[in-house]
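Q: For reference, the structure I am asking about is given below.
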């Protein structure tokens, strides 16, 4: 166990020896200083629990010693005890208290009074140390909790992100699309702006699966999904897998003209993949049909109505031979 250091500031060796004998304790490490200057150097060497000062010392006046010790960061919070041979008047005692002296011990020394007072301040020192250690432990725990909370938030955000993605294609899933269609619709109503929606269907995909197998079908879905994503024109555009071989795209601040351009880009992008489709009646490569709807709403329509119009347009595209797109425009 580490000994607790205390500082005795006295220029009379016999006084120091007397104090050392009275304070003899295997748990204490008593350090001597014969002058104020020496005391100021000692505080740089030890984390003292208590400082006892003989006020009759020459050289540096007793109050100046206390003031100097209080001004140093190493000893600013260390209790100071004055040892004096005479009873001080109230003025001098209060001056000492103002400078940080916590108590006075009068000569001739009463061993019990001395040891009881010193023991009291040493116990306070131990309690401060324990409190400081507990505070450090608490700070470490708080820091650990902050790190864990940050990791939790990051993992939660990642789980949230993964929960919004389609596992096969990596696009957003149906739930994400449904939530964001409502959000974008409300935003369009608030800002009085246009909103367009595309529904994309891979032509005769069931035939493709039957002819090439489901593994090839999954690979086809991934490639088409990527090409549709790359055909989008702005970061704010959203594309999702709606289900099976259908995909949907939300185009904020986009009218019918912009929606038509995106639809053409999608068809061209899929065509450039040149995925063989011998089971398709419309082409020897994979193609898509697209239904598009655009709405400039004042709040009288709904997101559901826009989706219904896009679905109706897709039906018209399929009815007209597939491998094409059809547009319906709605105005409130």
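Conditions tested, residue by residue: (1) touching a residue at least 24 places away in the same chain (Cβ under 8 Å); (2) within 30 Å of residue 51 (Cα to Cα); (3) touching a helix residue (DSSP H, G or I) at 6+ places or on another chain (Cβ under 6 Å); (4) surrounded by 10 or more Cβ atoms within 10 Å (Cβ to Cβ).
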{"position": "125", "(1), (2), (3), (4)": "yes, yes, no, yes"}
{"position": "142", "(1), (2), (3), (4)": "no, no, no, yes"}
{"position": "147", "(1), (2), (3), (4)": "no, no, no, yes"}
{"position": "153", "(1), (2), (3), (4)": "no, no, no, yes"}
{"position": "157", "(1), (2), (3), (4)": "no, no, no, yes"}
{"position": "161", "(1), (2), (3), (4)": "no, no, no, yes"}
{"position": "172", "(1), (2), (3), (4)": "yes, no, no, yes"}
{"position": "181", "(1), (2), (3), (4)": "yes, no, yes, yes"}
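Q: Would you check if there is a residue in region 295-304 being surrounded by 14 or more Cβ atoms within 10 Å (Cβ to Cβ), assigned by TED's automatic domain parsing to the domain that holds residue 249, in a strand (DSSP E or B) and in contact with a helix residue (DSSP H, G or I) (Cβ under 6 Å, 6 or more places away or on another chain)?
A: yes
Q: Only one of these conditions is not met by residue 42: (1) at pLDDT 75 or above; (2) closer than 19 Å to residue 126 by Cβ; (3) within 51 Å of the chain's Cα centre (by Cα). Which number is it?
A: (2)
Q: In addition: Does residue 262 meet the test of being under 44 Å from the mean Cα position of the chain (by Cα), modelled with pLDDT of 95 or more, farther than 14 Å from residue 326 by Cα and assigned to a helix (DSSP H, G or I)?
A: Against the criterion (under 44 Å from the mean Cα position of the chain (by Cα), modelled with pLDDT of 95 or more, farther than 14 Å from residue 326 by Cα and assigned to a helix (DSSP H, G or I)), residue 262 does not qualify.
Q: Of the residues 165, 232, 195, which single one is in contact with a helix residue (DSSP H, G or I) (Cβ under 9 Å, 6 or more places away or on another chain) and more than 24 Å from residue 313 (Cα to Cα)?
A: Criteria check complete, one pass: 165.
Yes or no, residue by residue, for (1) under 30 Å from residue 278 (Cβ atoms); (2) in the same structural domain as residue 275 (by TED's automatic domain parsing); (3) touching a strand residue (DSSP E or B) at 6+ places or on another chain (Cβ under 8 Å):
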{"position": "142", "(1), (2), (3)": "no, no, no"}
{"position": "150", "(1), (2), (3)": "no, no, no"}
{"position": "153", "(1), (2), (3)": "no, no, no"}
{"position": "161", "(1), (2), (3)": "no, no, no"}
{"position": "182", "(1), (2), (3)": "no, yes, no"}
{"position": "210", "(1), (2), (3)": "yes, yes, no"}
{"position": "223", "(1), (2), (3)": "yes, yes, no"}
{"position": "230", "(1), (2), (3)": "yes, yes, no"}
{"position": "240", "(1), (2), (3)": "yes, yes, yes"}
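Q: Does residue 7 fit the bill of being under 20 Å from residue 128 (Cα atoms), assigned to a helix (DSSP H, G or I) and touching a residue at least 24 places away in the same chain (Cβ under 8 Å)?
A: Taking the combined requirement at face value, the residue does not satisfy it.
Q: Condition check: in the same structural domain as residue 302 (by TED's automatic domain parsing), over 17 Å from residue 305 (Cα atoms), modelled with pLDDT of 90 or more and in contact with a helix residue (DSSP H, G or I) (Cβ under 9 Å, 6 or more places away or on another chain). Does residue 216 satisfy that?
A: Taking the combined requirement at face value, the residue satisfies it.
Q: Looking at (1) assigned to a helix (DSSP H, G or I); (2) loosely packed, with under 15 Cβ neighbours inside 10 Å; (3) in contact with a strand residue (DSSP E or B) (Cβ under 8 Å, 6 or more places away or on another chain), which one does residue 218 not meet, given that it meets all the others?
A: (3)
Q: Could you please give the count of residues in region 265-289 that are in a loop (DSSP other than H, G, I, E, B) and in contact (Cβ under 8 Å) with a residue 12 or more places away in the chain?
A: Total satisfying the criteria: 10.
Q: Looking only at region 74-112, which residues are in a loop (DSSP other than H, G, I, E, B), surrounded by fewer than 12 Cβ atoms within 10 Å (Cβ to Cβ) and modelled with pLDDT of 80 or more?
A: 76, 77
The values are calculated or read from the model by the stated rules, or taken from the named source; none is laboratory data. Values in this document were obtained by computation on a predicted structure and should not be read as measured data. Here Cβ is always computed from backbone atoms with ideal geometry, including for glycine, and neighbour counts include all displayed protein chains.
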